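S.K.: Dumping the structure here so I can ask a few things about it.
What follows is calculated from the coordinates using simple rules that are stated; it is not laboratory data. Please read all numbers here as calculations on a predicted model, not as lab measurements. So basically every Cβ, Gly included, is an ideal-geometry build from the backbone, and we count neighbours across all protein chains shown.
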């Protein structure tokens, strides 16, 4: 008997999350998840799928009818949504913000999604929302990063704008401090 270590437990959890995500995706695309469909999607053998489904069923996350479809329970659906949410955030960060090749970003996100803490995920999500909702278009820092990726150096124009914005912020902050002091 092999003793379970923290590392194998994490791998097992990651594997189970991959199965949940696959079942959810197949349920949306093909309206039906089966052992064969899951096996093809995850590129694993059918006995591995059957074994994983038995574990997930024992955990109350799936309902598997022998030789039939596989359905997520409400808890399984929630867990699958959580994994998919982590995956989407990481894919967006890697491909759209950091400009990693989309195929590599997808593969990396699949590996990273299982190890990310909830607090780190929340912070990444906030950062992405911040950059997407900039009222002035692409934030200068991202525009500067994209320039750097393309040219291998920083854009003097963007550096000038950043310095000007920094100076403006300092002047604004000093003006607020001066008004507060004059009220005293």
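S.K.: So how much slack lies between residue 29 and residue 111, counting 0.36 nm per residue of separation and subtracting their Cα-Cα distance, in nm?
M.R.: 27.3 nm
S.K.: Could you tell me the calculated FRET efficiency between residue 149 and residue 65, based on Cβ-Cβ distance and R0 = 45 angstrom, to the nearest 0.05?
M.R.: Numbers: r = 50 Å, r/R0 = 1.11.
With a Förster radius of 45 Å, E is 0.35.
S.K.: Further question: Figure the gain on full extension for residue 131 and residue 14 (residue separation times 0.36 nm, minus the Cα-Cα span) and round it to one decimal in nm.
M.R.: Working: separation 117, 0.36 × 117 = 42.12 nm, distance 2.93 nm.
Gain on extension, residue 131 to residue 14, equals 39.2 nm.
S.K.: Give me 84, 148 sorted ascending by neighbouring Cβ count inside 10 Å, so fewest comes first. Working shown, then result.
M.R.: Numbers: 84 16, 148 13.
By the 10 Å Cβ count, ascending, the order reads 148, 84.
S.K.: A further question on this structure: Rank-order 40-46, 114-120 by packing density, defined as the average count of other C-beta atoms within 10 Å over each peptide's residues, highest first. Intermediate results must be reported in sequence, preceding the final value.
M.R.: On the way: 40-46: 13.6, 114-120: 11.1.
The packing order, highest mean first, is 40-46, 114-120.
S.K.: Report the extension gain between residue 48 and residue 163 in nm, rounded to one decimal, defined as 0.36 nm multiplied by the number of residues separating them, less their alpha carbon distance. Could the numbers behind the result be given before it?
M.R.: Details: separation 115, 0.36 × 115 = 41.40 nm, distance 5.72 nm.
Roughly 35.7 nm would be gained on extension.
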